[in-house]
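Since the structure comes first, as structure tokens, the remarks are kept for the end.
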Amino acid sequence: MNTLKVGGVPEHFNLPIHLCIEEGLFADAGIVVEWVEYAGGTGAMNAALRAGDIDVAIILTEGVVKDIAAGNPSKIIQNYVSSPLIWGVHVAGGSNFKTLDDLKDTRPAISRFGSGSHVMAYIQAQQLGWESSAINCVVVNNLDNAVQSLTNGDADYFMWEHFTTKPLVDSGIFKRVSDFPTPWSSFVIAATTDAINTKNDTLEVFLEVLNNKTVLFKEIPKIEMLLSERYNQKLEDIKVWISKTNWSQSQIETTELENVQVHLKGLNMIDKEQDVDFYLTLN
């Protein structure tokens, strides 16, 4: 059977893929899907796509668009989560920062340059009218290191998915001063051009199986309980999250990609806006 190496973050958005693997749905369709987890997020997955360590990534829209524009030999083959990602803006639990305005000209912790936490820190600054050239990012690689960095005062705030970090907020390790939703779809599915050229049929089967799972995902009996147990989330939080989350079974809208590019170009994160076909395949 043909094999696909698929990378993603250890977050609840990706449970549909895990269920497809565990239930043997990919195997029944004649393909092997190997899951590779990236706690470092989008920046780490972009590096893995560039290196050919994975064939496919479930990746933040703005992060992969930025990296494709910078030479990542990959394309977006489908949208994955069409609802916005809610970025919580976090400070240390004992911090004196109380509001978003307090964070002007302070230091954001980011997982990597080019990651979602990096890009969104700049987009948030842009929308708030802050001077982005004054932003001094502190690279922390992952959530665990972000906790240490904020607690030790090595960075001042950290943007990460609201519900993933909520246990840290509930325990007092983090304090959330605001939420910042993305103005576009959260996650897309990107594949390397090598995988597109050599494993196109396998990619189509992968998408078909996954789409059959995501289209009915919210209707799975007791799915909220399963999500709560697997991802250490309170049941009431998971119910709120799943009510706000929508999975897609089609290609991302061209208007969304144009919007992403406008924002990235405005921040000088890409050199120029490309025709959307530059980023897309398997339309």
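Some observations on this one:
- Beta bridge orientation in the chain: antiparallel %, DSSP, nearest 5: 60 percent
- Most fluctuating residue given options H18, H90, H263, as computed from a GNM of the chain linking Cα atoms under 10 Å: H18
- Rounded if a/c under 1.5, otherwise prolate or oblate - the range 1-51, Cα gyration tensor axes: oblate
- For the chain: rounded, prolate or oblate by the Cα gyration tensor [a/c cutoff 1.5]: oblate
- Net charge dipole, the range 219-283: roughly 340 debye, given to the nearest 20, about the Cα centre with Cβ charges of +1 for Lys and Arg and -1 for Asp and Glu.
- Contact order for the chain, expressed relative to its length and based on alpha carbon pairs under 8 Å spaced 6+ residues apart, stands at 28 percent.
- 0 to 90° range, to nearest 10: angle between helix 254-266 axis and the chain longest Cα axis: 40 degrees
- Phi-based couplings in Hz for the range 201-215 (Karplus 6.51, -1.76, 1.60; Gly and Pro marked x): 5, 5, 5, 5, 5, 4, 5, 4, 5, 5, 5, 5, 7, 5, 5
- Choice from T255, T214, T192 with maximal GNM fluctuation in the chain (Cα, 10 Å cutoff): T255
- With K and R counted +1 and D and E -1, the other residues having a Cβ less than 15 Å from that of D271 yield a net charge of 0.
- Which of M225, I196, Q261, positive extreme of dipole for the range 178-283 (C-beta unit charges): M225
- Projecting the Cα atoms of Q78, A92, G8 onto the dipole axis of the range 1-119, where Lys and Arg carry +1 and Asp and Glu carry -1 at the beta carbon, places A92 farthest toward the positive end.
- For the range 164-205, the Cβ-based charge dipole about the Cα centre amounts to some 320 debye (Lys, Arg positive; Asp, Glu negative; other atoms uncharged).
- Rounded, prolate or oblate (a/c below 1.5 giving rounded, otherwise prolate when a/b exceeds b/c) for the range 28-186 by Cα gyration tensor: prolate
- The convex hull around the C-alpha trace of the range 65-133, projected and averaged over every direction, spans 6.3 square nanometres.
- Considering only G52, G114, G24, the Gaussian network model of the chain with Cα springs below 10 Å gives its largest mean-square fluctuation to G24.
- Overall Cα dimensions of the range 42-93 - principal axes, largest extent first, Å: 39, 24, 19
- Nearest 10 degrees, 0 to 90: helix 235-244 Cα axis against the chain principal axis: 70 degrees
- Full-extension gain in nm, V262 to V240, via 0.36 nm per residue minus C-alpha separation: 4.8 nm
- Virtual spin-label span in nm between Q126 and K98, 7 Å along Cα→Cβ: 3.2 nm
- Placing a label point 7 Å from the Cα of R50 along the Cα-to-Cβ direction, the residues of the range 251-283 with a backbone N closer than 15 Å are 270-271.
- The fraction of accessible area contributed by carbon and sulfur in the chain is 46 percent, rounded to a whole number (1.4 Å probe; ligands and nucleic acids excluded).
- Packing rank of 224-230, 70-76, where each peptide gets the mean count of other beta carbons within 10 Å, highest leading: 70-76, 224-230
- Of all lysines in the structure, the ones whose alpha carbon falls short of 27 Å from that of K272, not counting any fewer than 8 places away in one chain, are K66, K75.
- Residues of the chain: accessible area per residue with a 1.4 Å probe, Å²: 42 Å²
- For the range 141-283, the dipole from Cβ point charges (+1 on Lys and Arg, -1 on Asp and Glu) about the Cα centre works out to 560 debye, to the nearest 20.
- Residue-averaged 222 nm ellipticity for the chain, from DSSP H runs of 4+ at -39500 (n - 2.57), nearest 500: -11500 deg cm²/dmol
The values are calculated or read from the model by the stated rules, or taken from the named source; none is laboratory data. Computed from a predicted model, the values in this text were never measured in an experiment. Heads up, the Cβs are rebuilt from the backbone with ideal geometry, glycines too, and the neighbour counts pull from every protein chain shown. Ligands, DNA and RNA are excluded from the accessible area calculation, which covers all protein heavy atoms including side chains. Shrake-Rupley method; radii C 1.70, N 1.55, O 1.52, S 1.80 Å.
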